[in-house]
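Enquirer: Quick one: the structure is below, and I'll ask about it shortly.
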Amino acid sequence: MSKQAQHWEKTRNHLFVTLAIWFVFSIGIFFFGAEMEASNFRPLGYPLSYYMTCQGSLGIFVILIFWFANRQEKIDEEFGYTEREGD
Amino acid sequence: MIKGKFIDNLPKVYGIYTGGFLVFIILMAIAEQAGMSAKLIGIFFVAFTVFIYAFIGWLSRTMQADAYYVAGRQVPTVFNGMATAADWMSGASFVAMAGGIYFKGYGYMALLVGWTGGYVLVASLLAPYLRKFGCYTVPDFIGTRYGGNLARLSAVLVLTVASFTYVTAQINATGTIASVALDIPFGIAVYVGLASILMCSMLGGMRAVTWTQVAQYIVLIIAYLLPVFWISNKMGAGFFPHFMLADEVARIAELESQFGLGSVKNSAADLASVPKGLAGITKAHSEVNTTPWKFISLAVCMMAGTASLPHVMMRYFTTPSVKTARRSVGWSLFFIFLLYSSAPMLATLSKLSLMDPNLSTGIIGKSISDVQALDWYQNWNQANLMFVSDFNGNGTLELNEFFMGGKAVVLATPEIAGLPYVISGLVAAGGMAAAMSTADGLVLAISNALSHDIYYKIINPKAETAKRLIVARVLLFLIGFAGASIAALEIQGILGSVIWAFDFAMSGLFFPLVLGVWWKRANAQGAVAGMLLGLISGTAYLIWVRNGGAGFWGVTQLTFGIVGSLVSLVSMVIVSLITKAPDAATQRMVDEVRVPSGKTVLAKSH
């Protein structure tokens with residue numbers, strides 16, 4: 001397999017992991033809105049469903065993007081695809 | 001004071017700007033104590049900030065194509081994040097979102113999840129690759145990747161439909177704020193708003209819009225957070241509201257049942273006397289919990305729409321590299337998070353201020369004539385955004401006898417909660433900044449697509465730069481004017497039109513953009529089918545449901561993008577597979593795009 005194909009395969013796998021995490025916190029958990037509402041686990045005292053919609057999921061997305069960017073940079077570096085100044 | 005290049009001095013320039021703005025707020029507060037009238041303070045806030053933006057717009061004037069279209073591709077990561085946040089957070093986020101949550105509770109909080117989760121898609125599926133492509137506009141990517149004028153034209157069509165729907169809502173928002181703050185009729189105020197928008201973008205295109213958007217972000221975030229913290233502290237709800245409002249959330253539910261939410265209903269005759277567009281402040285919160293699909297489908301549409309809206313995507317064309325484009329998405333979302341996580345807090349505090357009889361600001365249970373004598377009630381009633389009526393004739397204001405427009409929640413809360421008027425002036429300036437920054441981005445996205453993709457690429461490829469940029473500016477003016485004329489008609493509320501825009505963008509552009517990078521086999525015929533059939537089927541579904549159609553799968557007029565994008569995906573895959581695979585040159589181009597290093601696919605200036 002060529003270097004470029006390997007790079008793309010790693011990039012694609014990284015995408016799938018990222019999208020899986022994204023799916024859980026943007027769609028997955030909201031199938032259980034009623035269960036979350038009734039849950040005894042109440043972060044900062046808020047009902048869990050309320051907390052996830054107004055802070056929880058949002059914060060996770062921010063962290064997820066930075067984590068995604070860091071790991072993608074490492075993948076690019078590994079294959080020597082890092083951009084140089086002035087490119 | 002400032003030496004060297006502007007770009008190297010950005011932190012200093014915007015630091016001084018922020019300090020100056022804070023000093024201005026303090027001066028206004030002093031002026032208020034000295035007896036300056038509320039009306040004058042409002043005028044000062046709006047006029048002063050708009051003047052600053054126009055000044056930045058004038059300083060950024062340019063006659064170079066790459067400065068006009070992509071700000072010279074040298075906007076640093078964090079500043080591009082701020083500019084994107086301002087570009088993104090519109091009048092809908094600032095003025096209407098807290099209102100939506102306030103009235104409809106949990107169901108509308110799907111907007112918070114959708115409008116943030118979409119950025120994960122932007123970062124992982126699109127932004128870095130489109131940056132590597134080196135295009136000026138989104139149709140530029142579609143036109144070059146798939147080849148052919150038809151693909152380019154279809155992309156321009158979808159872009160125009162989505163962005164134009166969006167921009168009328170923003171001009172509506174600037175008009176609302178200008179009409180309240182400057183005390184002029186709405187029909188005139190929309191043109192005042194338009195003039196301010198054009199001043200920021202006409203001379204300098206993307207470069208001017210970038211630097212005004214950073215300035216607008218600073219104003220809007222101060223204007224949103226300051227009242228939230230202030231009211232929370234004043235009410236004794238906690239010094240850091242985001243972590244400390246659990247008791248208040250519970251208290252609202254308690255008050256709602258105490259005041260007979262759900263058991264007392266207004267008759268149709270009573271409701272007919274309420275001005276159009278206003279709603280009672282309470283609806284049952286639990287309804288949506290029982291139908292997760294309603295929540296999820298709205299979130300999905302907003303996420304896919306985020307990743308297809310051209311005015312957001314084009315912000316990532318302005319960063320110096322692919323790596324910075326990726327990181328910049330993270331910063332954008334961080335800056336958006338600061339405001340979005342505060343919206344539910346503001347809605348909670350605002351609702352409690354009105355409802356809680358233990359607070360001096362509470363009005364439910366007071367006598368109707370007392371409420372009607374309140375200063376702020378009279379102001380907002382005059383603007384057609386508040387209404388009370390003694391339906392049961394007992395002389396006391398009941399929960400079901402108070403009505404409010406969604407737009408008023410953010411704008412009126414500081415007054416309702418008894419904050420000094422200077423804060424209301426600040427909030428008006430913030431709302432103006434939010435609506436203007438988004439309108440700028442949108443008008444620019446449309447006029448750039450028309451001037452670059454239609455005029456330059458299709459009609460007159462030999463046009464000189466100067467001529468292209470003049471055409472771009474004339475189009476900018478015409479589109480803005482058309483947007484204002486439609487906004488003056490007030491066809492749909494701010495939040496409703498914005499949600500439609502996301503559905504339009506998602507119907508036509510989501511899959512053609514994503515598959516352009518991630519599926520090499522996708523070809524021009526497939527992309528054209530995907531864009532046109534997606535847009536047509538989505539629009540047809542919207543019209544059908546609007547005219548009393550039953551719909552299917554629980555897809556409503558707010559989520560018609562689900563139908564549109566599915567049709568788009570299916571038709572794009574089928575048509576691509578039954579027609580010829582893209583040629584070797586196109587395949588090589590896709591390979592190029594997938595590697596971050598090396599030259600962009602399109603030349604630096606084209």
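Enquirer: Where in the range B:421-490 are there trypsin sites (Lys or Arg not before Pro) that are in a DSSP coil and have at most 16 other Cβ atoms within 10 angstrom of their Cβ? Working shown, then result.
Expert: Values: sites: B:LYS457, B:LYS462, B:LYS467, B:ARG468, B:ARG473; in loops: B:LYS462.
Loop-located and lightly packed - B:LYS462.
Enquirer: Follow-up. Can you list the trypsin sites (Lys or Arg not before Pro) in the range B:1-49 that are in a DSSP coil and have 13 or fewer other beta carbons within 10 angstrom?
Expert: Working: sites: B:LYS3, B:LYS5, B:LYS12, B:LYS39; in loops: B:LYS3, B:LYS5.
Sparse-neighbourhood loop trypsin sites (Lys or Arg not before Pro): B:LYS3, B:LYS5.
Enquirer: Using a cut-off of 15 Å between beta-carbons, work out the net charge of the residues near B:MET202 (Lys and Arg +1, Asp and Glu -1, B:MET202 not included).
Expert: +3
Enquirer: Related question: Per residue of chain B, what 222 nm ellipticity follows from adding -39500 (n - 2.57) for every DSSP H run with n ≥ 4, rounded to the nearest 500?
Expert: Helices in chain B give a 222 nm mean residue ellipticity of -22000 deg cm²/dmol.
Enquirer: Okay, next question. Other chains' Cβ within 10 Å of B:343-351 residues: what's the mean?
Expert: 1
Enquirer: What is the dipole size for the protein assembly as shown, taken about its Cα centre, with +1 at each Lys and Arg Cβ and -1 at each Asp and Glu Cβ, in debye to the nearest 20?
Expert: Result for the protein assembly as shown is approximately 2360 debye, rounded to the nearest 20.
Enquirer: Other chains near A:12-22: what is the mean number of their Cβ atoms within 10 Å of each residue's Cβ?
Expert: The shielding value for this peptide is 2.
Enquirer: A further question follows. Counting pairs of alpha carbon atoms under 8 Å apart in space and at least six apart in sequence, what relative contact order in percent does chain B give? Write down the numbers at each step before the final one.
Expert: Working: 1078 pairs, mean separation 169.2, N = 606.
For chain B, the relative contact order is 28 percent.
Enquirer: Among the listed pairs B:LYS467/B:LYS599; A:LYS74/B:LYS599; A:LYS3/B:LYS520; A:LYS3/B:LYS457; B:LYS462/B:LYS520, give every one whose C-alpha distance is greater than 24 Å.
Expert: Result: B:LYS467/B:LYS599; A:LYS3/B:LYS457; B:LYS462/B:LYS520 exceed 24 Å.
Enquirer: What chymotrypsin sites (Phe, Trp or Tyr not before Pro) does the range B:467-574 have in DSSP loop regions with at most 13 other beta carbons within 10 Å?
Expert: For chymotrypsin sites (Phe, Trp or Tyr not before Pro) across the range B:467-574 that sit outside H, G, I, E and B with at most 13 neighbouring Cβ atoms in 10 Å, the list reads B:PHE552, B:TRP553.
Enquirer: Taking other Cβ within 10 Å of each residue's Cβ, how do A:GLU77, A:GLU83 sort, fewest first?
Expert: With the fewest neighbours first, A:GLU77, A:GLU83 line up as A:GLU77, A:GLU83.
Enquirer: Hey, another quick one. Going by amide H atoms built from the backbone, whose H comes under 5 Å of the H on B:ARG61, apart from near neighbours?
Expert: Those qualifying (amide H under 5 Å, at least 5 residues apart or on another chain) number zero.
Enquirer: Let me ask something else. Given the C-alpha centroids of the range B:503-520 and the range B:322-345, what is the distance between them in whole angstrom?
Expert: Centre-to-centre distance over Cα atoms comes out at 23 Å.
Enquirer: Ratio of Rg to Rh for the range B:304-436, alpha carbon only, Kirkwood?
Expert: 1.14
Enquirer: Where does each of B:577-583, B:89-95 land if you order them by average Cβ count within 10 Å, highest first?
Expert: B:89-95, B:577-583
Enquirer: So what is log10(I(q)/I(0)) for chain B at q = 0.05, 0.07, 0.10 1/Å, when the Debye sum runs over its Cα atoms only?
Expert: These q points yield log10 I(q)/I(0) values of -0.21, -0.42, -0.85.
Enquirer: For the range A:48-65 and the range B:457-483, what is the separation of their C-alpha centers, rounded to whole Å?
Expert: So the two Cα centres are separated by 42 Å.
Enquirer: Separate question: What are the DSSP H helices in chain B that stretch 24 Å or more along their long axis, judged by alpha-carbon atoms, and whose average Kyte-Doolittle hydropathy comes to at least -1.0?
Expert: TM-like helix candidates: B:10-33, B:38-59, B:149-182, B:205-235, B:322-340, B:421-448, B:465-487, B:494-518, B:524-546, B:561-578.
Enquirer: Calculate the dipole size of chain A relative to its Cα centre from +1 charges on Lys and Arg beta carbons and -1 charges on Asp and Glu beta carbons; express the result in debye to the nearest 20.
Expert: 220
Enquirer: Please provide three numbers in whole Å: the alpha-carbon extents of the range A:3-78 along the principal axes, with the largest listed first.
Expert: 51, 21, 15
Enquirer: Placing +1 on the Cβ of each Lys and Arg and -1 on the Cβ of each Asp and Glu in chain B, which of B:GLN74, B:TYR119, B:ILE52 has its Cα farthest towards the positive end of the resulting dipole?
Expert: B:GLN74
Enquirer: Given 4 °C and 1.567 mPa s, how large is the Stokes-Einstein diffusion coefficient of the protein assembly as shown in µm²/s, with Rh as the Kirkwood radius over Cα pairs? Mind dumping the intermediate values first?
Expert: On the way: Rh = 25.7 Å.
Roughly 50 µm²/s, to the nearest whole number.
Enquirer: Along the charge dipole of chain B, which of B:PRO139, B:PRO461, B:TRP544 sits closest to the positive end, that is, farthest toward it, with unit charges on the beta carbon of Lys, Arg, Asp and Glu (+1, +1, -1, -1)?
Expert: Working it through, the farthest residue towards the positive pole turns out to be B:PRO461.
Enquirer: Please compute the contact order of chain A in relative form: average sequence separation of alpha-carbon pairs under 8 Å and at least six residues apart, divided by the residue count, as a percent. Walk me through the intermediate numbers first.
Expert: Values: 36 pairs, mean separation 29.7, N = 87.
Over chain A, the number comes to 34 percent.
Enquirer: How big is the Rg/Rh ratio for the range B:405-533, C-alpha atoms only, Rh by Kirkwood, two decimals?
Expert: For the range B:405-533, the value is 1.10.
Every read-out reported here was derived from the displayed coordinates using simple, explicitly stated rules and does not represent laboratory data. Here the structure is a predicted model, which means the values were calculated and not measured. For neighbour counting, all protein chains shown are included, and Cβ atoms are generated from backbone atoms with ideal geometry for every residue, glycine included.
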